[in-house]
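FYI, it's all coordinate maths here, none of it is from the lab. These numbers were taken from a predicted model, which means no experiment stands behind them. In this analysis, Cβ positions are derived from the backbone assuming ideal geometry, glycine residues included, and neighbour counts consider all displayed protein chains.
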Ligand SMILES: *Cc1c(COP(=O)(O)O)cnc(C)c1O
């Protein structure tokens, strides 16, 4: 049994587009890709007049180092959003497959499934026990049509984290039946090991990581899927020919230099410190009913009147995320942890609301 038995058979057989850049990697005079031999600006001359590497070797190797995996376990795309899209397209047949999602959670899992025409099986997190993961119910819902099971740790927008032990129990229980997609977009902010340590033992496990949050590189759109080489190979075959703009690759390599990684770690520490300060300040406000236990770079607040709080914050020029569309979080707002000054500004507005709003 190979994990690719779960993929769409027509894609397993697909050769994929062979780009000019893939067919040759060394040369002195490049005349195979119909590029311009001239560049109009200095930036173009540096690296923009030629097509980029489809999966840039230096970036793949550095990501492997940073995440503690092998280079053949790394796929890099336009944000983890692209990895979610490709996993859905690679493994789900329109009208025939389903994916299991545990709301309230990240919206892209459902969007990608809907675009592909895969059914969504919704097994909600257990609101009454701090939004813990409904393992038994998920396993019960899993059937022969299931291709992807999503597990987000820490979960967006509730911020809580399922333990590595539970991830491994899920990995054991889903082996041979569906891919287990563990989204770790916020794992750097949690005091917990990544699920990457399980990759060598579970061929159907996919771990999603991103440079958008902890590495402060959201605009470069660099997201990573870490998985067995069989899955990585499939993703590389079905991705667009040149997904990563060279300037974004250059920015990513700079953001992963040892010095920049050390700075990221310092910033992660500061965010976590600010998160706890914000939590302490918010806990004393009359309008705040409760604060969810977050291990990410945001706090989710339940309020007496989230709509009024949202409006007051907006009027003060402060934009937070309304969670009104998430069942069980209708009266909640998600606040990204900012600088100390920014966090104080949020607290000042919420304080001015008193207990009525
Ligand atoms: C932000 C976020 C992502 C998307 O990250 P990109 O790499 O920027 O696409 C993925 N998953 C979760 C849970 C997120 O909150």
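Overview of results
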{"quantity": "DSSP-defined antiparallel bridges as percent of all bridges, the chain, nearest 5", "calculated": "55 percent"}
{"quantity": "Share antiparallel - DSSP beta bridges, the stretch 1-160, percent rounded to 5", "calculated": "10 percent"}
{"quantity": "For the stretch 41-177: relative contact order, % (alpha-carbon pairs under 8 angstrom, 6 or more apart)", "calculated": "20 percent"}
{"quantity": "DSSP-defined antiparallel bridges as percent of all bridges, the stretch 136-289, nearest 5", "calculated": "30 percent"}
{"quantity": "Residue among 249, 347, 271 with the largest mean-square fluctuation in a Gaussian network model of the chain, springs linking Cα atoms under 10 Å", "calculated": "347"}
{"quantity": "Gaussian network model of the chain, springs between alpha carbon atoms under 10 Å - residue of 111, 224, 182 with greatest fluctuation", "calculated": "111"}
{"quantity": "Of 146, 341, 210, the one that fluctuates the most in a GNM where the chain has Cα springs shorter than 10 Å", "calculated": "341"}
{"quantity": "Average Cα contact separation per residue, the stretch 210-357, under 8 Å, 6 or more apart, as relative contact order %", "calculated": "20 percent"}
{"quantity": "Whole-angstrom gap from the stretch 204-234 to the stretch 28-79, using each part's C-alpha centre", "calculated": "16 Å"}
{"quantity": "Fewest-first ranking of 319, 29, 231, using other Cβ atoms within 10 Å as the exposure measure", "calculated": "29, 319, 231"}
{"quantity": "Surface/4 estimate of mean projected area, convex hull on alpha-carbon atoms of the stretch 87-243, nm²", "calculated": "9.1 nm²"}
{"quantity": "Value of relative contact order over the chain, rounded to a whole percent, pairs C-alpha under 8 Å and six or more apart", "calculated": "17 percent"}
{"quantity": "Relative exposure of 289, 164, 313, judged by other C-beta atoms within 10 Å (fewest first)", "calculated": "289, 164, 313"}
{"quantity": "Footprinting exposure proxy for 298, 344 (fewest neighbouring C-beta atoms within 10 Å first)", "calculated": "344, 298"}
{"quantity": "Residue-averaged [θ]222 nm for the chain, counting only DSSP H segments that reach four residues, each worth -39500 (n - 2.57)", "calculated": "-11000 deg cm²/dmol"}
